[in-house]
Amino acid sequence: MNAVSHKQLELDVAIIGAGVGGLYALHKTRNVLGMKAEAFDDAGGVGGTWYWNRYPGCRVDTESTIYTYSFDLDMFQNWEWSERYARQPEVLNYLNAVADKHDLKRSIHFNTRIASAEWKEDEGRWLLTTTAGDTVKAKYVIEAVGLLSSSYAPQFPDQDKFKGEVLLASKWPDTAADLEGKRVGVVGTGSTGIQIITALADKVGHLHVLQRTAQWVVPLGIGPFPAETREKIKADPHGFRDWALSTAAVFGFDESTVSALEVDNEERKRVYEKAWKKGNGFSFLLETFSDIPVTAEANKTATDFIKSKIDAIVTDPEVARKLTPRDYYAKRPLAADNYYETYNRDNVTLHDVKAEPIERYTENGLIVGGKELELDVVIMATGFDAMTGNYLKIDTIGRNGVRLKDAWKNGPRAYAGMSIADFPNLLMVFGPFSPFTSQPLVHEWQVDFLCDLIEKAEQGNGIIETTREAQDDWVRVCQEGMAGTLFEVTDSWINGANIPGKPRTSMWYMGGMGNYMTEMNAIRDDNYRGFEVR
Ligand code: N01
């Protein structure tokens, strides 16, 4: 749809974002509820994070069987994923196929950024304004703006002097130069960085990894799509979906209920070896033992095991030392095949940029620890202003002139990950204080819940609010849940510590999806307790 065709558009539902959550929200509100719904996205196509993240090696690290919608039963049962962990082009292809099959694209305004949103109390409508100055009035706004979508790209001084290319992984350009044979620097060793590093090592001339903080990495277990899971889904799609949602992290396995400390060394080693062989970061963290993210003692059993793998795999002891983290294993768990093996290659050099910082660009590369590192390309894999970044980019003004950026100045506040006090009819898919899980099935679940709220509101005056008390209670429960984990004390995007100046705070419901659904179903049964639907 044309970016400027919506001057003074009037809608029932405006959806911001055409990624996984936004596409389903559009399908549900327009095709199922029959409302006048349209979506808006900055990108030139559907896919959200999968539209932008086209860097080499990009793929899901949730099994493809779980990284899917379930609402289209035929696609859920029969979509032929080629690999256990789908690559980015395949995920994007799938999302395009969903959008095409359900005729969604005609209702999406691409290349359109919503700059501001203002609640008009007297009209009971939101007034959205695009960066081009077009306006949209909508009764309900569903923000599906992405948890990990607002790129964080620190700039080193003198970038303009550099004659080579600087590429941002999360906004990878189609026009990116061929990297074959080049001297490439990768800044960042999170999920993005490790995928790039393992994908590029045997293609580039020399790879310089600029690592500030080492992370615990386990294998991913790349391989063909597991036929037995396909059969399971075909036989009982709803049963499979409901089981996946009943787990804590929605990663396609049941979390362990056994403490790492209640078994002996031999059994622990057996469990960790099995998980290492199978692959998958979330599985290693949560399917092995129940308390790795909870107590320092249990955590140490996991990190001791991974350290033993680093020492066994990496031939240069000094490189192995640099690759060994000092933190708990309590960030978003990382997984990539042959990650540590990569550092045995002659054309890969690891730089510890905490000890020897990146100072500035030169014409020919970067000054790192006082010395010039000659580079043709620098890849920034420096992460995201997670969870709150994209909400705060929209200047959002709620009831009585309350600005979202003020309401959230000490960290976000929200009810059930879906609604914010003082911002009526502004609904979020996977907003702050949502469960800490994989996303597509959870997005679907939340969109269904939001649509139940909308249907109920449509029988009345069309207003959905959240009470401040309910929001405060929810935030308190989430903060208490986070305080019981090592995620709280380990710097990462999960608690906002990765962004300079961002309030470091809990932003998650840590009780797991199963408990979240139980709680939300009880809220629904209790006449949508905490929501005021009028
Ligand atoms: O970002 P990150 P990401 N100088 O924040 C470093 C999802 N995802 O894009 O740790 C030097 O994890 C920073 O160093 P430090 C997934 O949920 C999923 O990799 O702050 N370095 C860190 O090493 C994931 O968790 C998939 O010291 C700097 C890195 O940049 C989330 O997205 C794939 C720096 C950022 O790591 C985010 O992952 C990709 C600086 N000035 C992403 N600033 C899959 O499904 C930052 N860093 C597999």
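The values are calculated or read from the model by the stated rules, or taken from the named source; none is laboratory data. Computed from a predicted model, the values in this text were never measured in an experiment. Every residue, glycine as well, gets a Cβ built from its backbone with ideal geometry; the counts of neighbours run over all protein chains shown. Calculation scope for accessible area: heavy atoms of the full protein, side chains included, ligands and nucleic acids excluded. Shrake-Rupley method; radii C 1.70, N 1.55, O 1.52, S 1.80 Å.
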Give me the residue from the stretch 273-294 that is open to solvent by 40 Å² or more (accessible area, probe 1.4 Å) and either assigned to a loop (DSSP other than H, G, I, E, B) or in contact with a Cys (Cβ under 9 Å, 6 or more places away or on another chain) (or both) and, out of that set, nearest to residue 257 (Cα to Cα).
290
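Which strands (runs of 3 or more DSSP E) sit wholly inside the stretch 36-144 and have at least 1 residues that are under 19 Å from residue 394 (Cα atoms) and either among the polar types (S, T, N, Q) or out of contact with any strand residue (DSSP E or B) (no Cβ under 7 Å at 6 or more places or on another chain) (or both)?
By residue number, 114-120, 125-130, 135-143.
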Of residues in the stretch 247-272 being touching a residue at least 24 places away in the same chain (Cβ under 8 Å) and part of a helix (DSSP H, G or I), the one nearest to the chain's Cα centre (by Cα)
272
Name the residues in the stretch 186-213 that are within 21 Å of residue 283 (Cβ to Cβ) and of a type in the set (A, V, I, L, M), would you?
194
Considering only the stretch 196-215, state which residues are open to solvent by less than 20 Å² (accessible area, probe 1.4 Å) and not β-branched (Val, Ile, Thr).
200, 201, 207, 210, 211, 214
Of the residues in the stretch 348-385, those that are under 19 Å from residue 169 (Cα atoms), of a type outside the set (A, V, I, L, M, F, W, C) and either modelled with pLDDT under 95 or in contact with an Asp or Glu (Cβ under 8 Å, 6 or more places away or on another chain) (or both) come to 361, 365, 376
Among the residues of the stretch 57-88, count how many are closer than 23 Å to residue 203 by Cβ and surrounded by fewer than 20 Cβ atoms within 10 Å (Cβ to Cβ).
4
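Yes/no per residue for (1) in contact with a helix residue (DSSP H, G or I) (Cβ under 6 Å, 6 or more places away or on another chain); (2) within 16 Å of the ligand (Cβ to nearest atom); (3) of a type in the set (Asp, Glu):
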position	(1), (2), (3)
117	no, no, no
120	no, no, no
123	no, no, yes
127	no, no, no
137	no, no, no
144	yes, no, no
153	no, yes, no
156	no, yes, no
160	no, no, yes
Would you check which residues across the stretch 306-350 are open to solvent by less than 20 Å² (accessible area, probe 1.4 Å) and more than 26 Å from the chain's Cα centre (by Cα) and list them?
310, 314, 320, 343, 348, 350
Quick one: in the stretch 174-195, of everything that is part of a strand (DSSP E or B) and crowded, with 22+ Cβ neighbours inside 10 Å, which residue is nearest to the ligand (Cβ to nearest atom)?
187
Within the bounds of the stretch 354-374, is there any residue that is out of contact with any helix residue (DSSP H, G or I) (no Cβ under 7 Å at 6 or more places or on another chain) and buried (at least 23 other Cβ atoms within 10 Å of the Cβ)?
yes
Filter the stretch 28-46 down to the residues that are surrounded by 24 or more Cβ atoms within 10 Å (Cβ to Cβ) and out of contact with any Ser or Thr (no Cβ under 7 Å at 6 or more places or on another chain) and list them by number.
29, 46
Residues being under 19 Å from residue 427 (Cα atoms) and of a type in the set (Phe, Trp, Tyr) - total across the stretch 128-157
1
Would you confirm, using the coordinates I've provided, whether residue 484 is within 16 Å of the ligand (Cβ to nearest atom), over 20 Å from residue 446 (Cβ atoms) and surrounded by fewer than 21 Cβ atoms within 10 Å (Cβ to Cβ)?
no
Confirm whether residue 432 is in contact with a Ser or Thr (Cβ under 8 Å, 6 or more places away or on another chain) and over 24 Å from residue 35 (Cβ atoms).
yes
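Here's the yes/no breakdown for (1) within 12 Å of the ligand (Cβ to nearest atom); (2) out of contact with any strand residue (DSSP E or B) (no Cβ under 9 Å at 6 or more places or on another chain):
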site: 324; (1), (2): no, yes
site: 343; (1), (2): no, no
site: 351; (1), (2): yes, no
site: 361; (1), (2): no, no
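Can you name the residue in the stretch 373-399 that is in a loop (DSSP other than H, G, I, E, B), on the phi < 0 side of the Ramachandran plot and within 13 Å of the ligand (Cβ to nearest atom) and is also nearest to the chain's Cα centre (by Cα) among such residues?
Among those residues, the one meeting the criterion is 386.
Could you grab me the full set of residues in the stretch 151-172 that are in a loop (DSSP other than H, G, I, E, B) and either touching a residue at least 24 places away in the same chain (Cβ under 8 Å) or closer than 21 Å to residue 60 by Cβ (or both)?
Scanning the stretch 151-172 gives 152, 153, 154, 156, 157, 158, 162, 163, 164, 172.
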Here are the criteria: (1) touching a residue at least 40 places away in the same chain (Cβ under 8 Å); (2) open to solvent by 10 Å² or more (accessible area, probe 1.4 Å). Tell me which single one residue 477 does not satisfy.
(1)
If residue 112 satisfies all but one of (1) in contact with a Ser or Thr (Cβ under 7 Å, 6 or more places away or on another chain); (2) within 16 Å of the ligand (Cβ to nearest atom); (3) not aliphatic (A, V, I, L, M), what's the number of the condition it fails?
(2)
